[in-house]
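Written out below as structure tokens is the structure these notes cover.
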Amino acid sequence: FITSAVLPSIAYSTVDRPMNPSRGLAVTFRNKLSLASLGSDLDYYRGVVETRYFHPVPKTVLPLKTPPILMLRNVLGFGEGFGGDVLPIYERFFLGGGRSLRGFSFRDVGPRDEFGRPLGGASTFLASAEMSFPLANIMDVVFFVDAGNVFLKGDTLDIADLRYSAGPGLRANTPFGPISIFLGYKLDRKTGEKASEVHFDFGRSF
């Protein structure tokens, strides 16, 4: 398909530093509007709102010499075709992997076809909480809890259908960018699913 689109975005940030922040709020609103009037084969809209909040844990809660950092992340995505078109599969939402819902393999979460292949969805929700404990100048020990899912229809967001995972990890802040490894355990494991997944990633995962 040929896509010709308008990509307006809005960003707001009060974080203290762009890499490995310790406090502040970052909000981004990314949009994609594909229009036949601009030369596209399909008419559709896709929007994502993401928030990330960082704050040191007070010593009254955890009396440590170097306070750990609490990170809260939320992602809400929605897409829909119009003018008789549908949202193409390459614009659908998928979850699973080290950069989204840890504990699940890549694109493992969400609706599937009759052959078990991921279909993606027209809407998604992801929520994460992460606690980072500085181990050295360049190393953090991380504990996380993730929740999220992908929904086939854009007007469907059922909190009761969320999948959950949790686990530990390590993140090294190198001169070339963050390197992380996470061990995610499924908290609502279903029959036939692996109990856990290991995720290795280079670059900022959150």
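The values are calculated or read from the model by the stated rules, or taken from the named source; none is laboratory data. Worth saying up front: this structure is predicted, and the values here are computed from it rather than measured. Here Cβ is always computed from backbone atoms with ideal geometry, including for glycine, and neighbour counts include all displayed protein chains. Ligands, DNA and RNA are stripped out before the accessible areas are found, and what is left, the full protein with its side chains, is counted by its heavy atoms. Shrake-Rupley method; radii C 1.70, N 1.55, O 1.52, S 1.80 Å.
The figures follow:
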item: Criterion: open to solvent by less than 80 Å² (accessible area, probe 1.4 Å), of a type in the set (D, E, K, R), modelled with pLDDT of 95 or more and within 25 Å of Phe54 (Cβ to Cβ) - qualifying residue of Asp140, Asp146; result: Asp146
item: Top-ranked residue in the stretch 171-206 [being touching a Leu at 6+ places or on another chain (Cβ under 8 Å) and either open to solvent by 60 Å² or more (accessible area, probe 1.4 Å) or assigned to a loop (DSSP other than H, G, I, E, B) (or both); ranked as nearest to Leu135 (Cα to Cα)]; result: Ile181
item: Options Leu76, Leu119: the member that is within 22 Å of Lys153 (Cα to Cα) and in contact with a helix residue (DSSP H, G or I) (Cβ under 8 Å, 6 or more places away or on another chain); result: Leu119
item: Inter-residue pairs, beta-carbon under 7 Å, first under 24 Å from Leu170 (Cβ atoms) and in the stretch 190-202, second surrounded by 12 or more Cβ atoms within 10 Å (Cβ to Cβ) and of a type in the set (Ser, Thr, Tyr), 6+ apart; result: Ala195/Tyr185; Ser196/Tyr185; Glu197/Ser105; Asp201/Ser180
item: Conditions (1) in contact (Cβ under 8 Å) with a residue 40 or more places away in the chain; (2) in a loop (DSSP other than H, G, I, E, B); (3) open to solvent by less than 40 Å² (accessible area, probe 1.4 Å); (4) at negative phi; number of the one not met by Met19; result: (3)
item: Val86 in contact (Cβ under 8 Å) with a residue 40 or more places away in the chain and either touching a helix residue (DSSP H, G or I) at 6+ places or on another chain (Cβ under 8 Å) or surrounded by fewer than 17 Cβ atoms within 10 Å (Cβ to Cβ) (or both); result: yes
item: Residue match in the stretch 89-104 (condition: within 22 Å of the chain's Cα centre (by Cα), in a strand (DSSP E or B) and under 29 Å from Ser40 (Cα atoms)); result: yes
item: Selection status of Ala136, free of Cβ contacts under 8 Å to residues at least 24 places away in the same chain and either more than 15 Å from the chain's Cα centre (by Cα) or within 29 Å of Glu80 (Cβ to Cβ) (or both); result: yes
item: Candidates Leu70, Leu33, filtered to the one that is under 18 Å from Ala122 (Cβ atoms) and of a type in the set (A, V, I, L, M); result: Leu33
